[in-house]
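The values are calculated or read from the model by the stated rules, or taken from the named source; none is laboratory data. Note that the structure is predicted; figures quoted are calculated from it, not measured. Reconstructed Cβ throughout: ideal geometry from the backbone, glycine too, with neighbour counts over all protein chains shown. Accessible surface areas use protein heavy atoms only, side chains included; no ligands, DNA or RNA. Shrake-Rupley method; radii C 1.70, N 1.55, O 1.52, S 1.80 Å.
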Amino acid sequence: MALSAICQHLLTIFFSSNLFFHPTRTVTKVHKYTKEKHVSSSAINIMLMFRSLPRYSSISTRLIHSVRRQENLGKKKVIVLGAGWGGFQFVRYLNRIGTLEFRCIIEPVRTLSNLHYYQAHCDEIDSQKHQIHCRDFFNNSKEFTLDYDYLVCCHGAKSNTFHVPGVEQHAFFLKQLSDARAIRNRLMELFERASNRFISDEERKALTTFVIVGGGPTSIEFSGELHDFIVEDVAKWFPDVKTHVIVVESTDHILGTFDSKLTDYAMNILKSRSEITLKTNTHVKRVGENEVLLSNGEIIPCGITVWSTGLSPNELTSTLPFSKEKRSGRVYTNDYLQVLQDGQIPVNNIFALGDCATPVNRAIPATAQAAVQQAKYLAKRFNQKEFYSKNSNEISNENYAAFNFNNLGMLAYLGGYGGLADLKQTKRAGFLSWLLWRSVYMTRLVSFKNRLLVAMFWFKSFVFGRDISRF
């Protein structure tokens, strides 16, 4: 799992606990935004709208939080688009949280009180009328509109396919919880099929060849977790199955954001493993149902292709009428996280953070660390009196500090109880880095209950091995 200081995107199948932890798409929150610090449960509500689309959908899952307005109490209606690190942490630091995560750390959203929940698509933002236009998830012909006083855009991004033919149809992404479940079930299916006595050696070799496209932290951590699973569990339960993992990277090195010495260390670790082949300076030209065509003309028969090559704007971001960065398509904001339009003109009541946005004056990485810092900054500002006592056009930035991103460093797991720690204070590799990585993972869980459950699953996996059932 890749962490940028406190935590980068937790985007990997966590075989050691048989779960995929990705808070970016799996949390809901309830927030009461009023003049009083403590109010009754009937004072005001936030509404969350969660859209869960199929794996091949081009529009990201969204949560939309809304507060009913009561004019006599000076309440404001706040809508938050997105359930990622940014949206999650923003509402968390305003009030309390409920979580919705895979397997042992899941809590149904309906258990939250004071909640209006809608599963819907958000298709358009009308900044002139202060409205968002939505479609019902179960019936696309049903449309509705929500008004807002403040809008916070944290709707994230989608995986970047670089328009490579076949990726959308045949590759698995490391982005959504549904991807994690699909990858896990596909791998177990491949192991079962490969152990069948009626297939040829050639078919068996193709079924147990796994291609991972991308050399970033997410891909490398996934290859590390997959290596552990193969060595510690597959070898025991499927002794006749021999697996081969191929990592494809278009540049001459992996983990480009890490220190060069740590990058060299990671490459040497991968090359030393008999189950893994690292192909650098190579890119994918086409992805088929059971094969991958590389730029050197090589065709690799494979059972699964996992694609993790960065981010691109989703459809909602692409249609927004705001200023955007040309290369990444992310929405430009000022130093106070207000979106910009017509060049440098800020929109007072629309804010953006996380993967879908970046300040115009300096680039901020699309990581969980950055999104959390932005969310805390914005939540602190929303807790100020002027945000509920004034109209949005009266809000001023003069007496408020600009957002300043503090890059604390990065962590990554390589498998085999080894990791990388690229921090301000030190740069380390090995077992101690793995311990730090695990410790940070635990601190990012929402509640003590979740930490306890994950620790129990880690212990269970260590003692009894990983679960190989399909569900």
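Rolling a 1.4 Å probe over the heavy atoms of the protein chains gives the stretch 163-214 an accessible area of 47 Å² per residue.
Annotation for Asp342 and Thr145: the two label points, set 7 Å from Cα along the Cα-Cβ direction, are 2.2 nm apart. Globularity index of the stretch 301-411 is 1.23 (Cα radius of gyration / 2.2 N^0.38 Å, N = number of residues). Could you check how much of the accessible area of the stretch 271-357 is carbon and sulfur, as a whole percent, using a 1.4 Å probe? Its accessible area is 46 percent carbon and sulfur atoms.
When you restrict to C-alpha pairs under 8 Å that are six or more residues apart and normalise by the size of the stretch 268-316, the relative contact order lands at 19 percent. For the residue pairs Lys158/Lys326; Lys76/Lys129; Lys77/Lys175, the alpha carbons lie more than 20 Å apart in Lys77/Lys175. Derived from the Cα gyration tensor, the three semi-axes of the equivalent ellipsoid of the stretch 146-222 are 36, 14, 12 Å, largest first.
When the stretch 319-426 is described by a simple charge dipole with +1 on each Lys and Arg Cβ and -1 on each Asp and Glu Cβ, the residue from Phe351, Phe322, Gln373 located farthest towards its positive end is Gln373. 3J(HN,Hα) along the stretch 157-162: 8, 10, 5, 8, 8, 6 Hz, from the Karplus curve 6.51 cos²θ - 1.76 cosθ + 1.60 with θ = phi - 60°, whole Hz, x for Gly and Pro.
Enter the accessible area per residue of the stretch 340-471 (Å², integer; probe 1.4 Å; all protein chains in place). The partial results should precede the final answer.
Numbers: 6400 Å² over 132 residues.
That works out to 49 Å² for each residue.
Quick check: net charge around Val211, other residues with Cβ under 14 Å of its Cβ, Lys/Arg +1 and Asp/Glu -1?
Working: positive: Arg186, Lys205, Lys279, Lys285, Arg286; negative: Glu249, Glu275, Glu289, Glu291, Glu298.
Residues near Val211 contribute 0 overall.
Shape class for the stretch 230-293: oblate, because the ratio a/c of the largest to smallest gyration tensor axis (alpha-carbon atoms, square roots of eigenvalues) is 1.5 or more and b/c is at least a/b. Tell me the Kirkwood hydrodynamic radius of the stretch 373-471 in angstroms, computed as one over the mean inverse distance between distinct C-alpha pairs. The answer is 17.6 Å.
Starting from 0.36 nm per residue, how many nanometres of slack lie between Phe448 and Asn361 once their C-alpha separation is accounted for? Don't skip to the end; give the middle numbers.
Details: separation 87, 0.36 × 87 = 31.32 nm, distance 3.89 nm.
In short, 27.4 nm is gained.
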